[in-house]
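K.L.:
Encoded as structure tokens, here's the structure I'll be asking about.
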């Protein structure tokens, strides 16, 4: 769910509309992203107890530009993810006013996840990722760290895109660092998926199992959370790699979890089509 440009809904109306959408889709996991959701921290504080009643795991992705409300610590199924763009000199330029100093103040007393997107500029320094982990992982507020790789759109040319050699170096370095820093919460199989990401959204289990709704609370973002025309051959989404690793796991008799998912998904689509045909109605697929 994207709260970047919520101009149509405010206060109680925003809370009602989000809950309406949640009750329509009935997710097990709800991620609220930005812009920055903390712009609407009052509405979030009203939403969280309602989502707790529905037993939904909620993840709020923020820059932590303002204090995270202390009362949010009471919600066991709330995860707070703070986006950090590398080491302090680079991050503070890109994310001001959400500087390192302000983040450290605003996460105090909470347990959070750090998410960093790796760019080509970072790979120019072979010590960069380790220095990033050396800074953040000792802090009590940090529960875990996730790292993605910058994902371009098809045909995009920009300085952030890793070359094939840099991508392989990054994979090797992450596999080394996960053994040194337990808070780097990325399984070895997940990291290895960066070398061969899903070829298309249709083959991406994460894309197939998520629905992304834009700020108007109506428009679905396709083909995945990245929107537009992402270059799947260079996908660096940490969630996509995690689900890909699960999909490649062999369950029994040589059958993978991904094959079971595809069979289940096909049966579900056929059942929905059958029900739609019998009722004469069109149903939205989730």
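K.L.:
Just checking, does the stretch 187-197 include any residue being in contact with a strand residue (DSSP E or B) (Cβ under 7 Å, 6 or more places away or on another chain) and under 26 Å from residue 104 (Cα atoms)?
P.N.:
Within the stretch 187-197, none of the residues are in contact with a strand residue (DSSP E or B) (Cβ under 7 Å, 6 or more places away or on another chain) and under 26 Å from residue 104 (Cα atoms).
K.L.:
Within the stretch 150-175, which residues are free of Cβ contacts under 8 Å to residues at least 12 places away in the same chain and in a helix (DSSP H, G or I)?
P.N.:
Within the stretch 150-175, 164, 165, 172 meet the criteria.
K.L.:
Related question: Just checking, does the stretch 48-56 include any residue being in contact with a helix residue (DSSP H, G or I) (Cβ under 8 Å, 6 or more places away or on another chain) and either under 24 Å from residue 135 (Cα atoms) or not assigned by TED's automatic domain parsing to the domain that holds residue 19 (or both)?
P.N.:
No.
K.L.:
Just one of the numbered conditions (1) in contact with a helix residue (DSSP H, G or I) (Cβ under 6 Å, 6 or more places away or on another chain); (2) within 19 Å of residue 237 (Cβ to Cβ) is not true of residue 113; which one?
P.N.:
Among (1) in contact with a helix residue (DSSP H, G or I) (Cβ under 6 Å, 6 or more places away or on another chain); (2) within 19 Å of residue 237 (Cβ to Cβ), residue 113 violates only (1).
K.L.:
Among the listed residues 51, 44, identify the single one that is crowded, with 19+ Cβ neighbours inside 10 Å, closer than 25 Å to residue 98 by Cβ, at pLDDT 95 or above and out of contact with any strand residue (DSSP E or B) (no Cβ under 6 Å at 6 or more places or on another chain).
P.N.:
44
K.L.:
Could you list, in sequence order, all residues of the stretch 73-109 that are in contact with a helix residue (DSSP H, G or I) (Cβ under 9 Å, 6 or more places away or on another chain), buried (at least 17 other Cβ atoms within 10 Å of the Cβ) and within 18 Å of residue 31 (Cα to Cα)?
P.N.:
Scanning the stretch 73-109 gives 78, 80, 82, 83, 84.
K.L.:
Against the condition surrounded by fewer than 18 Cβ atoms within 10 Å (Cβ to Cβ), assigned to a helix (DSSP H, G or I) and not assigned by TED's automatic domain parsing to the domain that holds residue 260, how does residue 178 come out, does it pass?
P.N.:
no
K.L.:
Go through the stretch 256-270 residue by residue and tally those that are surrounded by 12 or more Cβ atoms within 10 Å (Cβ to Cβ) and farther than 15 Å from residue 208 by Cα.
P.N.:
1
K.L.:
Run residue 186 past the list (1) surrounded by 17 or more Cβ atoms within 10 Å (Cβ to Cβ); (2) assigned to a helix (DSSP H, G or I) and report the number of the one that doesn't hold.
P.N.:
With respect to (1) surrounded by 17 or more Cβ atoms within 10 Å (Cβ to Cβ); (2) assigned to a helix (DSSP H, G or I), residue 186 is out only on (2).
K.L.:
Residue 125 - would you say it is over 29 Å from residue 188 (Cβ atoms), in the same structural domain as residue 233 (by TED's automatic domain parsing) and without any contact (Cβ under 8 Å) to a residue 12 or more places away in the chain?
P.N.:
No; evaluated as a whole, the condition is false for this residue.
K.L.:
Among the candidates 163, 148, which residue alone is closer than 17 Å to residue 242 by Cβ and either crowded, with 18+ Cβ neighbours inside 10 Å or modelled with pLDDT of 95 or more (or both)?
P.N.:
148
The values are calculated or read from the model by the stated rules, or taken from the named source; none is laboratory data. As the structure is a computational prediction, the values presented were derived from the model and not from experiment. When we count neighbours, we look across all protein chains shown, and the Cβ atoms used for this are built from the backbone with ideal geometry, even at glycine.
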